[in-house]
Amino acid sequence: MKKIFTFAAMCFAAMSLNAQEPIAVSCAEAAAAMPAQADSETEEVYIVTGYVTNTNGAISPSRTDATIDQQSFYMDDVKGSQKTLQGYWCNLPGHEALNVGDKITLTGKILNYKNTPEIKNGDVVILERATVKIDTLDASVCEALEEGASLNAGDYSDDIFRVYGCLKGTDQVNNNGQHTFEMACGENSFKPYNCKGEEGLELGKGDSVVVIGKLYNYNGTIEISNGTVELIQKSSQEEIIIPVTVSEATDIAMALENGKSTDSRYAITGYVDSIAIAYDENYGNISFFMTDDMATPTYDFEAFRVKVSAEDAEKIVLGAKVTVTAALQHYYKAGDQEKELPEINLAETVAGGTLVFEDEQGVENVSGENKTIKRIENGQILIIRNGVRYNAVGAIVK
């Protein structure tokens, strides 16, 4: 009987521990409770009270429950712009976005995300609504870049902007139908990131669009993040997809500045020589390295997050001959000696490319069977097709 009682007492204690109330803290106390180790989170659940101090105003359905809207924001103990605690895609109590100045509680475990205290997918309760007047302003790409440059890194504009312009290059669409692309002002680029469009919206190089949302200074890159995009007029410019080998694609990508991508898309044909990132069922993509010759694999060109079905992902095996169609980019990440992380300097496709298997069907593009020639003139990579000369980013060279 004593053993049974002891066991029952242990079970009751465990149940009481699991059912314990969240610990009520301020934003400053929540930040102090952040674990010291990166990517670690607290065992305890906290309920944090404070004011919303920074947000892009955009909401998005939860990926696990589409009936719940989520939003990202920062909090502090007083109204202002201090970013003491981040709420990352947290569950809203309704379908209206939080505004700067709203007083809320946020419940969840505290995560150390790159030394930033964060609650991810926590639950929001609105205590007080702030009275906020938000203007919607029309702007050109150049005006948006100028306004965005006045923001501190990581900050959003108070006002909403309608930015008018044309796509500089290709459009990347994720599995949630969100669009990412660039718009040009001279040599500078404005980047709409994960913006919603109407269902089935297809955008291409040169299309005239308006992007709506708050401006965001992402470490010097001016964006509208999680805004909306509307097509104004399709471009009459015919897209040219340039066929290249893996080695040619590598040369083109590495000739770009670090972090830059081509305006045009390329059809890269080669063999799968290793899987870089396994197939992700949630996002429907896979990453792998490509080579021109399986006898001498190079491992310096990555087909990054290529969109494929689960069925096709099983066919992407060592030695499979494929053609990936996407823009190219030069990915660079500096090394970290303290963390013993090596430098990464890699040629790759922009995420969201498409794939065909060469033993099943050919690549459909405007090049047909015409021969493409690559050469270097005055230190510049040139691709010649049908007598027309293109540079590394797909622009015509006269």
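Structure notes:
- When every residue of region 31-44 is checked against the conditions, at least one turns out to be out of contact with any helix residue (DSSP H, G or I) (no Cβ under 8 Å at 6 or more places or on another chain), within 16 Å of G122 (Cβ to Cβ) and of a type in the set (V, I, T).
- Looking only at region 200-223, and only at residues there that are at pLDDT below 95 and out of contact with any Ser or Thr (no Cβ under 9 Å at 6 or more places or on another chain), the one that is most open to solvent (accessible area, probe 1.4 Å): E202
- Screening L145 against (1) under 26 Å from G87 (Cα atoms); (2) of a type outside the set (K, R); (3) under 21 Å from the mean Cα position of the chain (by Cα) leaves a single unmet condition, (1).
- Selection of region 330-357 for residues being surrounded by 15 or more Cβ atoms within 10 Å (Cβ to Cβ) and of a type in the set (F, W, Y) yields Y331, Y332.
- Hey, I134 more than 22 Å from I224 (Cα to Cα) and either in contact with a strand residue (DSSP E or B) (Cβ under 6 Å, 6 or more places away or on another chain) or surrounded by fewer than 17 Cβ atoms within 10 Å (Cβ to Cβ) (or both) or not: no
- Scanning region 77-93 finds one or more residues that are in contact with a helix residue (DSSP H, G or I) (Cβ under 9 Å, 6 or more places away or on another chain), touching a residue at least 40 places away in the same chain (Cβ under 8 Å) and acidic (D, E).
- All positions within region 316-331 that are under 17 Å from D273 (Cβ atoms) and part of a strand (DSSP E or B): K321, V322, T323, V324
- If you go through region 334-364 and keep only what is within 20 Å of A249 (Cβ to Cβ) and under 20 Å from the mean Cα position of the chain (by Cα), you end up with I344, N345, L346, A347, E348, T349, V350, A351, G352, G353, T354.
- In region 302-322, the residues that are in contact with a Gly (Cβ under 8 Å, 6 or more places away or on another chain) and not hydrophobic (A, V, I, L, M, F, W, C): R305, K307, S309, K321
- Restricting attention to region 64-82, the residues that are in contact with a Gly (Cβ under 7 Å, 6 or more places away or on another chain) and part of a loop (DSSP other than H, G, I, E, B) total 2.
Yes or no, residue by residue, for (1) among the β-branched types (V, I, T); (2) on the phi < 0 side of the Ramachandran plot; (3) in contact with a Leu (Cβ under 6 Å, 6 or more places away or on another chain); (4) crowded, with 16+ Cβ neighbours inside 10 Å:
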{"site": "D77", "(1), (2), (3), (4)": "no, yes, no, yes"}
{"site": "K83", "(1), (2), (3), (4)": "no, yes, no, yes"}
{"site": "E96", "(1), (2), (3), (4)": "no, yes, no, no"}
{"site": "G101", "(1), (2), (3), (4)": "no, no, no, no"}
{"site": "A139", "(1), (2), (3), (4)": "no, yes, no, yes"}
{"site": "A149", "(1), (2), (3), (4)": "no, yes, no, no"}
{"site": "S157", "(1), (2), (3), (4)": "no, yes, yes, yes"}
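- Sole residue being at pLDDT 90 or above, touching a Ser or Thr at 6+ places or on another chain (Cβ under 7 Å) and surrounded by fewer than 19 Cβ atoms within 10 Å (Cβ to Cβ), chosen from A267, A276: A276
- Residue list for region 293-325, filter: over 20 Å from E281 (Cα atoms), among the hydrophobic types (A, V, I, L, M, F, W, C) and within 22 Å of the chain's Cα centre (by Cα): F301
- When residues of region 28-44 are limited to those that are out of contact with any strand residue (DSSP E or B) (no Cβ under 6 Å at 6 or more places or on another chain), in contact (Cβ under 8 Å) with a residue 60 or more places away in the chain and not aliphatic (A, V, I, L, M), the one least open to solvent (accessible area, probe 1.4 Å): T42
- Of all residues making up region 159-170, the number that are open to solvent by 30 Å² or more (accessible area, probe 1.4 Å) and either among the aromatic types (F, W, Y) or within 13 Å of L201 (Cα to Cα) (or both): 1
The values are calculated or read from the model by the stated rules, or taken from the named source; none is laboratory data. Every value quoted in this text rests on a predicted model; they were computed, and no experiment measured them. All Cβ positions, even for glycine, are placed from backbone atoms using ideal geometry, and neighbour counts span all protein chains on display. Side chains are part of the model used for accessible areas, which takes the heavy atoms of the whole protein and leaves out ligands, DNA and RNA. Shrake-Rupley method; radii C 1.70, N 1.55, O 1.52, S 1.80 Å.
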